[in-house]
Amino acid sequence: MTGARSDVQDHEHRIRTLERARWPMPTIGVLAGVAGAATGALALFAR
């Protein structure tokens, strides 16, 4: 039973590591969208 508990803890650790590595992706997408919108607005109003 100890081996199963160790496997579960190992999997839990790996999943948490993967979840932490994924969080920047949506943030980067949002920042890129805001930067694109700001650039478009600047180009529109600069004329």
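Overview of results
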| read-out | value |
| --- | --- |
| Hits in segment 31-47 (condition: of a type outside the set (Gly, Ala, Ser) and surrounded by 10 or more Cβ atoms within 10 Å (Cβ to Cβ)) | Leu31, Val34, Thr39 |
| Residue in segment 7-16 that is among the hydrophobic types (A, V, I, L, M, F, W, C), without any contact (Cβ under 8 Å) to a residue 24 or more places away in the chain and open to solvent by 100 Å² or more (accessible area, probe 1.4 Å) present | no |
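The values are calculated or read from the model by the stated rules, or taken from the named source; none is laboratory data. For clarity, every value in this text was computed on a predicted model and none was experimentally measured. Virtual Cβ from ideal backbone geometry, glycine too; neighbours counted across all protein chains shown. Each accessible area value is taken on the protein alone, full model and side chains, heavy atoms only, with ligands, DNA and RNA left out. Shrake-Rupley method; radii C 1.70, N 1.55, O 1.52, S 1.80 Å.
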